[in-house]
Amino acid sequence: MFKKIWDGDLFDRRSEALMLQGYLESLTNGNHGQHVQRAFTIAVDAGYGEGKSFFLKRFAEQVSINHPVAFVDAWADDLADQPMVALAATLKKALKPYLNEPEVKQTFDKFVGKAGRVAKCAGLGLIKRAAGMVITAPVVDELEGIVKDTGHSLTEGMKKSIEDGGKDLANGLIEDVSRASFTLMDGRINAFEEGQSAIDEMKKSLAAIVEKINKDGHSAPIIIVIDELDRCRPTYAIKLLEEIKHLFDVRGLIFILGVHLEQLSCSVSGAYGSKFDGGKYLSRFIDRRYKLRKPDAFHFVSQLCAQYGILEEKIEFFLMRQRNPRKSLNFFEKICAYFDVYSVSARDRIKLIHQIQTCISLSGSNRLQGDYLISLLIKNFYGLDYVNNINRNDLFKFYVPESFNKSTHEFNLQDLSIEIERALAMSEEAIDEAMSKDNQSEIIKLMYYHRDNGQDGNIHHITRYNDLISTVGRFSDPMLDASVPVIA
């Protein structure tokens, strides 16, 4: 069963999922001294493109074998701006197999009713009334003086209500405002108490549901997986977290958040001001953070290439062998080699692979020369100063074979790019002469076979790679540019 669930697991996330499931189960059964008396929230944290969604979707499927589980895409619900409704609907999905039991169904219906009351109380706080008439400022001042005599003061909202009341009503308002101020406060206290009562009753009905979950080997905890939280508007993300904490804080519920915490912290700080500590604020809602293991560089690149459709038939490389250990490199290892040599970060690898994919799209059915193209892309991405300051002694050594005598020329990747540029500057006569020799290199052969492909108007031609890259630079993915995590 697990093997099928984790089919295509390039990063060995299954082992992490089994460990995480064991940890979460220990929280509710009291093993290892853990016994959580309220809802538990854990953030599964990973960088952009490191496979959070892949992990969480399969983790949810795995855990559903023994527990009620629901999966929600927070970003898809962002537009509705009603996280409590989304959470209640998600809970219904998790409990669907149990709702045919009358006792569970009755308890859930009670929960829905209480949740509706909570939503209504919250909505009433947003209602504003206006009569559309005007009252003079002196009357407002007089009313304020009367209220002050009672030991209170008018709020700005009360002043506005008075102004909206109309000039003809001024005398009546003057007489009644003192009494009205206390009535308003009493009303607010009553509304607050009603809201608190609704929340308490909602939590009790939710706790009762947790107690009744026991069927066919299934038991609490109820697990709700919320993915894409860091793609939401910061205000919606915070609202969702607040409602989890205040409205769904019941023992036996576990919320798993798929999030890049660093990115979400920055977004929250940006929304509420540079002095607002987004990370510290988010920590109020998260009990534990689990950092997904960094993926192996090779598997990371190969997965990204597969995702973006970068295949061996689209790009050609020279035949290369790594010096230590001395072995031939496959297609993905060659791309990884360039990224490793130039110390390209995981986030930048995604952006560069996206650019490679755009180059392929613009080139149609024509194959591109990967060694030269990737070198140019990296130089364009980081700038020549960065590339030129790389310590050449630390570069891997690769071998470009000659055709006939099987000897090799040794290059590091920077020198290889330079040799290609020198060959590009050769005249046709010089290339023909080099081709007539028995020991012509693969670089010379590259120039010879590419020169007759028709350079005019063909942006994919090796002599126009700079133009190709310039064109690619005019395409952008706003999500990548903003460093907002996407599904890997």
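The values are calculated or read from the model by the stated rules, or taken from the named source; none is laboratory data. Everything numeric here is computed off the predicted structure, so don't read it as measured data. Every residue, glycine as well, gets a Cβ built from its backbone with ideal geometry; the counts of neighbours run over all protein chains shown.
Looking at ALA74, ALA46, can you tell me which residue is within 14 Å of the chain's Cα centre (by Cα), more than 22 Å from ASP7 (Cα to Cα) and modelled with pLDDT of 80 or more? Among ALA74, ALA46, only ALA74 is within 14 Å of the chain's Cα centre (by Cα), more than 22 Å from ASP7 (Cα to Cα) and modelled with pLDDT of 80 or more.
Within region 39-53, the set of residues being surrounded by 20 or more Cβ atoms within 10 Å (Cβ to Cβ) and not in a strand (DSSP E or B) comprises ALA39, ALA46, GLY47, TYR48, GLY49, GLU50, GLY51, LYS52.
On the stretch given as region 87-141, residues that are of a type in the set (Gly, Ala, Ser), outside any loop (DSSP other than H, G, I, E, B), under 23 Å from ILE199 (Cα atoms) and modelled with pLDDT under 85 total 5.
Exactly one residue out of SER219, SER267 is among the small types (Gly, Ala, Ser), at pLDDT 85 or above and under 27 Å from ARG58 (Cβ atoms), and it is SER267.
Among residues of region 71-88 that are more than 13 Å from TYR236 (Cα to Cα), those with a Cβ under 6 angstrom from a residue that is modelled with pLDDT under 85, sequence gap 6+ or separate chain, pair up as ALA88/ALA115. Just name the residue that is surrounded by the fewest Cβ atoms within 10 Å (Cβ to Cβ) out of those in region 228-280 that are of a type outside the set (A, V, I, L, M) and touching a Lys or Arg at 6+ places or on another chain (Cβ under 6 Å). That would be ASP249. Against the list (1) in the same structural domain as LEU206 (by TED's automatic domain parsing); (2) touching a Phe, Trp or Tyr at 6+ places or on another chain (Cβ under 8 Å), the condition LEU247 fails is (2).
Is it the case that region 273-285 has a residue that's at pLDDT 80 or above, of a type in the set (S, T, N, Q) and in a loop (DSSP other than H, G, I, E, B)? For region 273-285, residues at pLDDT 80 or above, of a type in the set (S, T, N, Q) and in a loop (DSSP other than H, G, I, E, B): present. For region 54-93, the set of residues classified as among the basic types (Lys, Arg) and either surrounded by fewer than 19 Cβ atoms within 10 Å (Cβ to Cβ) or in the same structural domain as HIS354 (by TED's automatic domain parsing) (or both) consists of LYS57, LYS92, LYS93, listed by residue number.
Hey, can you tell me all the residues within region 420-467 that are within 18 Å of GLU316 (Cα to Cα), at pLDDT below 85 and charged (D, E, K, R)? GLU421, GLU442, LYS445, ARG451, ASP452 - these are the residues of region 420-467 that are within 18 Å of GLU316 (Cα to Cα), at pLDDT below 85 and charged (D, E, K, R).
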